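Just so it is clear, none of the values below were taken in a lab; they were calculated from the coordinates. Please read these numbers as outputs of a predicted model, since none were measured by experiment. Please note: Cβ atoms are built from the backbone with ideal geometry, for glycine as well, and neighbour counts cover all protein chains shown.
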Amino acid sequence: MLKLVDSGARSNLPFSPAFIAGDLMFVSGQASVDPDTGAIIPGSFEEEMRRSIENLSAILKAGGLSLDHVVNVKSYVASEADLALYNRIYPEYFSQPTPSRSTIVGVLGTKLKFELDCVAYAGATRQQAVRV
């Protein structure tokens, strides 16, 4: 069954917050935006990263999941100078074992400092994963 998750955080752009397809939830890119209006909220790198992850978390919650269900993250960091801070903040939200991850630098233009999207698994949390 395919389910639309259309709450938690909104965007003014033409995309849905998330879809659940079977046991997988695919969450669209989340940035530093007001979760009700979708308006960009500029700030420091840390402020934008935290707001983006909080928006991601709100969408996951709307779909019945949490950050612990996230198995893959794609992050977009505007400036290479922010990578050290990114790697310090990241484990505050994504505990061990951390999701698989890709980080792309220098692709956001001038309006955003950070964005991320994810895939989450409804069947279990990462902490319940069987090691192979």
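With r defined as the distance between the Cβ atoms of residue 80 and residue 47 and R0 fixed at 25 Å, what FRET efficiency is calculated, to the nearest 0.05?
The formula returns an efficiency of 0.85 here.
Can you compute the charge dipole magnitude of the range 2-128 about its Cα centre, using +1 on each Lys and Arg Cβ and -1 on each Asp and Glu Cβ, nothing else charged? Give it in debye, rounded to the nearest 20.
200 debye
For a quick check, take a GNM of the chain with Cα springs below 10 Å and name the residue from 88, 51, 101 with the largest mean-square fluctuation.
88
Return the single residue from 12, 72, 55 with maximal mean-square fluctuation; model: Gaussian network over the chain, springs between Cα atoms under 10 Å.
12
Run down the lysines and flag those whose C-alpha is under 29 Å from the C-alpha of residue 111, throwing out any fewer than 8 positions away in its chain.
Residue 111 reaches 61, 74.
Order these by the 10 Å Cβ neighbour count, fewest first: 108, 2, 60.
2, 108, 60
Positive end of the charge dipole of the range 1-108 (Lys, Arg +1 and Asp, Glu -1 on Cβ, about the Cα centre): tell me which of 90, 73, 1 has its Cα farthest that way.
Checking the options against the dipole of the range 1-108, the answer is 1.
Suppose only helical runs count, i.e. DSSP H with n ≥ 4. What mean residue ellipticity at 222 nm does that imply for the chain under -39500 (n - 2.57) per run, divided by all residues and rounded to the nearest 500 deg cm²/dmol?
Calculated from helices alone, the mean residue ellipticity at 222 nm is -7000 deg cm²/dmol.
From the Cα trace of the chain, what convex hull volume per residue do you get, rounded to a whole Å³?
Measuring per residue, one finds 103 Å³ for the Cα hull of the chain.
Between 121, 93, 76, where does the largest GNM mean-square fluctuation fall for the chain, given springs only between Cα atoms within less than 10 Å?
93
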